[in-house]
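Chemist: I have a structure here, written as structure tokens, and I will follow up with some questions on it.
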Amino acid sequence: MNRILLIVLSLATIFGCKSRSTTTTVTETPSPTTAPSAGIPNINETFLPQSIAKADKKPTLDGKGLEKSWSRATWRNMDQVMVGEVPSKEDFQGRYKLLWDEDMIYILAEIKDDIIIDTHADGLDRYWDDDCLEIFIDEDRSGGIHQYNHNAFAYHLSLDDKVVDIGVDGKPQYFNKHVKIGKQRNKNMIVWEVGLRVYNDQYYEKSKDNEHCRVKLEKGKQIGFMVAYCDNDTSVEREHFIGDIFIEGDDKDKGWIDASVFGQLNLKE
Ligand SMILES: [Ca+2]
Ligand SMILES: [Ca+2]
Ligand SMILES: [Ca+2]
Ligand SMILES: [Ca+2]
């Protein structure tokens with residue numbers, strides 16, 4: 001890790017990453033053909049791995065979750081606060097479950113949020129301060145830094161179905177093709193039913209074709225993973241950031257930089 005990056009990360013740690021600046025000078029731009037700077041793997045072992053059942057049939061991504069396969073999946077609570085106070089039940093409740101097939105990981109997430117808002121018209125502007133579902137994935141469960149590379153992805157699914165993460169140039173951009181989104185909303189409840197295409201760390205958004213970076217999933221594969229929700233209810237900055245994984249230390253908002261804090265999926269039959 002070069003010295004300037006280390007200073008940037010140290011400052012981010014000191015200031016609790018609250019500014020989450022995406023205009024920071026990029027001092028490390030990995031080549032798409034070189035291995036990412038994964039750092040020293042320090043995998044989150046605080047949660048037991050989630051075993052994920054294979055879908056009998058591709059779910060229809062309509063936000064209903066009615067397919068039989070979903071009954072074989074287990075709900076997982078989103079109750080680990082990473083930013084803000086512990087919310088009341090009226091303020092936020094969330095849970096999700098997963099399935100997989102060769103093509104995708106499927107996520108059914110139920111979110112109850114008292115005030116559902118999107119105040120930034122530009123989807124790339126402070127997207128984490130609007131209500132959004134955030135899906136973190138580290139295809140090879142390497143752990144390590146992924147802020148400006150694709151060692152892992154942190155997809156923000158906005159209310160208008162855009163998918164945003166930071167690119168290798170340090171700027172936020174759309175990754176809409178990575179996530180197929182179905183959604184239903186009923187008052188203060190949103191159900192997301194999404195299919196996640198899995199890409200390895202060689203993905204490079206400036207390449208014309210990244211299909212060779214798509215990973216065909218198979219039984220026995222281990223993947224770094226966590227799901228969280230950015231809850232804002234009319235404040236300037238989001239009020240809560242809350243997910244399914246316990247992260248040690250005072251600064252728990254590390255997932256957008258470091259994949260080592262993710263949990264683990266094991267793909268089963
Ligand atoms: Ca469905
Ligand atoms: Ca709320
Ligand atoms: Ca990785
Ligand atoms: Ca909200």
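The values are calculated or read from the model by the stated rules, or taken from the named source; none is laboratory data. What you see is a predicted model; the values in this text were computed from it and never measured. FYI the Cβ positions are ideal-geometry reconstructions off the backbone, even for glycines, and counts take in every protein chain you see. For the accessible areas, the whole protein counts, side chains as well, though only heavy atoms, and no ligand, DNA or RNA atoms are used. Shrake-Rupley method; radii C 1.70, N 1.55, O 1.52, S 1.80 Å.
Chemist: D for the range 60-169, whole µm²/s, Stokes-Einstein with Kirkwood Rh over alpha-carbon pairs at 4 °C and 1.567 mPa s: what number? Can you show the working numbers first?
Modeler: Working: Rh = 16.0 Å.
Answer, rounded: 81 µm²/s.
Chemist: I would also like to ask the following. Take the residue pairs 97/177; 89/162; 58/221 and return only those whose Cα atoms are more than 24 Å apart.
Modeler: Where the Cα-Cα span goes over 24 Å, the pairs concerned are 89/162.
Chemist: Right, next: Name the aspartates and glutamates eligible as straight-distance cross-link partners of residue 216: C-alpha to C-alpha under 18 Å, and not fewer than 8 places from it in the same chain.
Modeler: Result set, ordered by chain and number: 56, 101, 102, 103, 138, 139, 140, 201, 269.
Chemist: Seen from all sides and averaged, what is the projected area of the convex hull of the Cα atoms in the range 40-267, in nm²?
Modeler: Details: hull surface 47.6 nm².
Answer in nm², one decimal: 11.9.
Chemist: Sticking with this one: Using the alpha-carbon centroid of each, what span in Å lies between the range 200-269 and the range 137-164?
Modeler: 5 Å
Chemist: What accessible area per residue, rounded to a whole number of Å², is obtained for the range 40-267 using a probe radius of 1.4 Å?
Modeler: 43 Å²
Chemist: For the range 142-269, report the convex hull volume of the alpha-carbon atoms normalised per residue, in Å³, without decimals.
Modeler: On the way: hull volume 18.1 nm³, N = 128.
For the range 142-269, the hull spanned by Cα atoms encloses 142 Å³ per residue.
Chemist: Give, as a single signed number, the net charge of other residues whose beta carbon lies under 10 Å from the beta carbon of residue 182, with Lys and Arg counted +1 and Asp and Glu -1.
Modeler: Numbers: positive: 64, 180, 183; negative: 62, 161, 193.
The answer is 0.
Chemist: Right, another one. Volume per residue, Å³, of the convex hull around the alpha-carbon atoms of the range 124-197?
Modeler: 97 Å³
Chemist: With only Lys, Arg, Asp and Glu charged, each at its Cβ (+1 for the first two, -1 for the last two), find how big the charge dipole of the range 40-267 is about the Cα centre; round to the nearest 20 debye.
Modeler: It works out to roughly 1220 debye.
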